[in-house]
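The values are calculated or read from the model by the stated rules, or taken from the named source; none is laboratory data. Model, not experiment: these values are computed from the prediction. Cβ placement follows ideal geometry from the backbone for every residue including glycine, while neighbour counts extend to all protein chains displayed. In case anyone asks, the SASA skips ligands and DNA or RNA and just uses the protein heavy atoms, side chains included. Shrake-Rupley method; radii C 1.70, N 1.55, O 1.52, S 1.80 Å.
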Amino acid sequence: MGVVAGLQQQAVDCEELGSPMYAELARLMVDDYELGGATADVLGSYEGHERDESIALPLLGAVHRLVLAGEAPELAGFYPSVGGVWDPVLGWEAFAQVLQSRAAELRATLLQPPQTNEVRRSVALYGGLLQLAHEVPLPVRLMEIGSSAGLNLRADHFNYNLTDGTSYGRADSPVVIEDAWSGREVPHAPLRIAERVGSDLAPVNALSEEGARTLTSYVWADQLERLTRLRGALTIAREVPADVRRADAVSFVRSLELSEGHLTVLWHSIMWSYLSKDEQSAVDTAMADLGAHATESTPLARLRLEPPGEWGDEFLVELDTWPGATRQVLGHADPHGQGMVWSS
């Protein structure tokens, strides 16, 4: 796609997902890149790289991290995440100054996959788990690939509110998700999570100051509601243990075992496109092999929020269950979990 096309697409995505500041920044970076400015100095060497179209997110995250750490005071006054007010003229001048002065440092971070760990994606996980618990009333062993810090492994400790006044989850939760979903009714089934285990190539320690800053840096700086949810989820992470291991997705899934009297659930969200075709095939094969051994007392499920094919505008909540190897499309949402609609 190329760097310019990637920045242009990122501008569209940010605008559609409610971040006018980052949409504007992405467009200003396009202009600056084409003029050979500071953006070109940072991103130019990645032109033609296999990930050149997605380079905007790690760059925006890296700059945000400097702001959060107090290392870019000239920019802090324009970042709402630290109390600033965005200004497209003065803010851009300060942003370009940071790109210029920290170019080498920023270039070194750009191939790290974004650690978004978006908390609102839990709507797909929690609603799907309630559907499973309604059908298979066993304690759940919740497993996740692409876990980042594993915040969504605590999805049952969030509070989900609907427009009709119905509420799900933990009533006193510091994470409150309004307008959580629409569509068909989701059952209020008892949900017991016996185990929470995730994996990531570079797991983030949600309990550390450094880890919290990393996660915060990937939230778009003008989306204060997302930042509030993240901070609430970090509080819950200190209360509810989860084991997030350093492992690739294929190795982790191949290591999974069934458990007598438990429902084993593999969950993943907006990470599938970061795997190669061979890795995707290996995960699919490993799940099918494990599912072939599932029984009524050792059931297996796979729940995911991912695009149905190549990256696009539609993201499906899909559920595979074993024994029986059945697949259902439960609903759809945008990549941040907004607009979650459960299918009838």
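With the helix formula -39500 (n - 2.57) applied to DSSP H stretches of n ≥ 4, the chain reaches a computed 222 nm mean residue ellipticity of -11500 deg cm²/dmol. Taking every DSSP beta bridge that has both ends in the chain, the antiparallel portion is near 45%. To put it simply, the accessible area of the chain at a 1.4 Å probe is 50 percent carbon and sulfur.
For segment 73-157, what is the relative contact order in percent, using Cα pairs closer than 8 Å and at least 6 residues apart in sequence?
Normalised by residue count, the contact order of segment 73-157 is 22 percent.
Hey, can you find the accessible area per residue of the chain for me, probe 1.4 Å, expressed in square angstrom? Before the final figure, lay out each step's value.
Values: 14440 Å² over 344 residues.
Using a 1.4 Å probe on heavy atoms only, each residue of the chain averages 42 Å².
At 1.4 Å probe size, what's the solvent-accessible area of Trp322? Round to the nearest 10 Å². Per-residue accessible area (Trp322): approximately 40 Å².
When only Cα pairs below 8 angstrom with a gap of at least 6 residues are kept, the chain shows a relative contact order of 17 percent.
Our compactness index for segment 153-309, the C-alpha radius of gyration over the empirical 2.2 N^0.38 Å, is 1.15.
Scaled to the compact-protein estimate 2.2 N^0.38 Å, what is the alpha-carbon radius of gyration of the chain, rounded to two decimal places?
1.01
Highest mobility in the GNM of the chain, judged by mean-square fluctuation with C-alpha springs under 10 Å and restricted to Ala242, Ala221, Ala108, is found for Ala108. Local charge for Thr295 was computed over the other residues whose Cβ lies under 14 Å away, with Lys and Arg +1 and Asp and Glu -1, and equals -3. When His157, His268 are compared by accessible area of protein heavy atoms, the largest-first order is His157, His268, using a 1.4 Å probe. Counting only heavy atoms of the protein chains and using a 1.4 Å probe, Thr214 has close to 30 Å² of accessible surface.
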